[in-house]
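One structure below.
The values are calculated or read from the model by the stated rules, or taken from the named source; none is laboratory data. Please read all numbers here as calculations on a predicted model, not as lab measurements. Reconstructed Cβ throughout: ideal geometry from the backbone, glycine too, with neighbour counts over all protein chains shown.
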Amino acid sequence: MTPVPPAGPTLAVVVNPVRRSAAHAVRAVRAASLAAGGGEPLVLETTPAEPGGPQARYAVRAGVRRVVVAGGDGTVREVAGALAGGETGLGVIPIGTANLFARSALLPLDDLRRSAASAVTGAARPTDLGEAVLTSGAGLVTRAPFLVVAGLGHDAATLAAVRPRAKAWLRWLAYFAPGLRRLGSPGHALGVRLDGTDLAAGPLWSVLAVNAARLPAGARVVPGARLDDGLLHVVLVSPRGPADWVRIARTGLGRATSDRPGDHPSLRYRSGARLEVDAPEPVLAQVDGDVVPDVVAADLSVRPGALRVVR
């Protein structure tokens, strides 16, 4: 990064330039900032080597009071991790594939001007942040923040199977075909501990640590979960046949009997502050959609109110 200027703007926009709407998003932020009397924003583009965190830290050193990120869930979580624990507000303009955080925060999805106005002038509220520490079979440790969900098992394998070209053209619909192919895959023998207590999990198709997540078409990973409840919501997914997948789909679409659905052998819910997972054989993991291979241990936790997010 270049040296910090002696005096800078009060607003920065961190943008992933490979997104098709990137230039439009920057123009929308600029217009919203000027309309609000905030002046020209500081524009910082991400790169493969610096996917958002360094840009956000640079913006904070430059004295901005708010960082607006224009990108997908990966860029948003990188910026969020850099801003955690500070007073700098975070605005989000969702121009990614699934935009799960924006859906969970009920942000505008299809109107750049409205998204920009909200991100620039809206009130920032305390928001929880998840933290993942993933250890590979070779002992390599990956540390990553997450705003939406971290998971181990076939959900991560589904994400890994999505082809970039399909993702670019079909957006979130690209996940359907790989997901369907994995519905009948056998479970993983994972050891699961929540707040130090072993859970009798059995073979698991997937284990999820959810901050809060709404999916496309209105589906919800954990009905009733909120971005500011201070909890890590754990979902143990272990379907045994088509009927169990129907139940999982009905729960995700909000058709359960309450906002806090009860347990079923195929879908069990727990909540706490720290989830530890051990895998006797390496499995795939994912953090807000970014896949991490060869994982044998995961330590997942939540930092209540660590961020100030416009939502």
Out of segment 14-67, which residues are in a helix (DSSP H, G or I) and modelled with pLDDT under 95? none
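For segment 108-118, which residues satisfy the criterion of being in contact (Cβ under 8 Å) with a residue 40 or more places away in the chain and of a type outside the set (A, V, I, L, M, F, W, C)? Reasoning before the result, please.
First, pick out the residues of segment 108-118 that are in contact (Cβ under 8 Å) with a residue 40 or more places away in the chain: 112-113, 115-118.
Hits for segment 108-118 are ARG113, SER115, SER118.
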For segment 24-65, give me each residue that is touching a Ser or Thr at 6+ places or on another chain (Cβ under 8 Å) and surrounded by fewer than 16 Cβ atoms within 10 Å (Cβ to Cβ). ALA36, GLY39, GLU40, ARG65
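Just the residues that are among the basic types (Lys, Arg) and either outside the structural domain of ALA150 (by TED's automatic domain parsing) or at pLDDT 95 or above (or both), please, taken from segment 248-300.
Step one: of segment 248-300, the residues among the basic types (Lys, Arg) are 250, 255, 260, 268, 270, 274.
Result: ARG274, single match.
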Return the pair list, or none, for Cβ contacts closer than 8 Å from residues in segment 83-107 that are part of a helix (DSSP H, G or I) to residues that are of a type in the set (Gly, Ala, Ser), at least 6 apart or on different chains. LEU83/ALA56; LEU100/ALA213; LEU100/GLY289; ARG103/ALA213; SER104/ALA212; SER104/ALA213
Sole miss for ALA225 among (1) modelled with pLDDT under 85; (2) touching a Ser or Thr at 6+ places or on another chain (Cβ under 9 Å) is condition (1)
When VAL92 is run through (1) at pLDDT below 95; (2) touching a Phe, Trp or Tyr at 6+ places or on another chain (Cβ under 7 Å); (3) not charged (D, E, K, R), the failure sits at (1)
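Scan segment 282-307 residue by residue and report those that are of a type in the set (D, E, K, R) and surrounded by 19 or more Cβ atoms within 10 Å (Cβ to Cβ).
Step one: of segment 282-307, the residues of a type in the set (D, E, K, R) are 288, 290, 294, 299, 303.
Selection gives ASP288, ASP290.
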Does segment 144-159 contain at least one residue that is more than 21 Å from ALA22 (Cβ to Cβ) and surrounded by fewer than 19 Cβ atoms within 10 Å (Cβ to Cβ)? no
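Quick one: is VAL133 within 30 Å of ALA189 (Cβ to Cβ), surrounded by fewer than 20 Cβ atoms within 10 Å (Cβ to Cβ) and touching a residue at least 12 places away in the same chain (Cβ under 8 Å)? Spell out the reasoning first.
Numbers: within 30 Å of ALA189 (Cβ to Cβ): yes; surrounded by fewer than 20 Cβ atoms within 10 Å (Cβ to Cβ): yes; touching a residue at least 12 places away in the same chain (Cβ under 8 Å): yes.
Against the criterion (within 30 Å of ALA189 (Cβ to Cβ), surrounded by fewer than 20 Cβ atoms within 10 Å (Cβ to Cβ) and touching a residue at least 12 places away in the same chain (Cβ under 8 Å)), VAL133 qualifies.
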What pairs can you find where one residue is in segment 10-28 and farther than 21 Å from GLY39 by Cβ, the other is part of a strand (DSSP E or B) and acidic (Asp, Glu), and their Cβ atoms are less than 7 Å apart, with a gap of 6+ or different chains? PRO17/GLU45
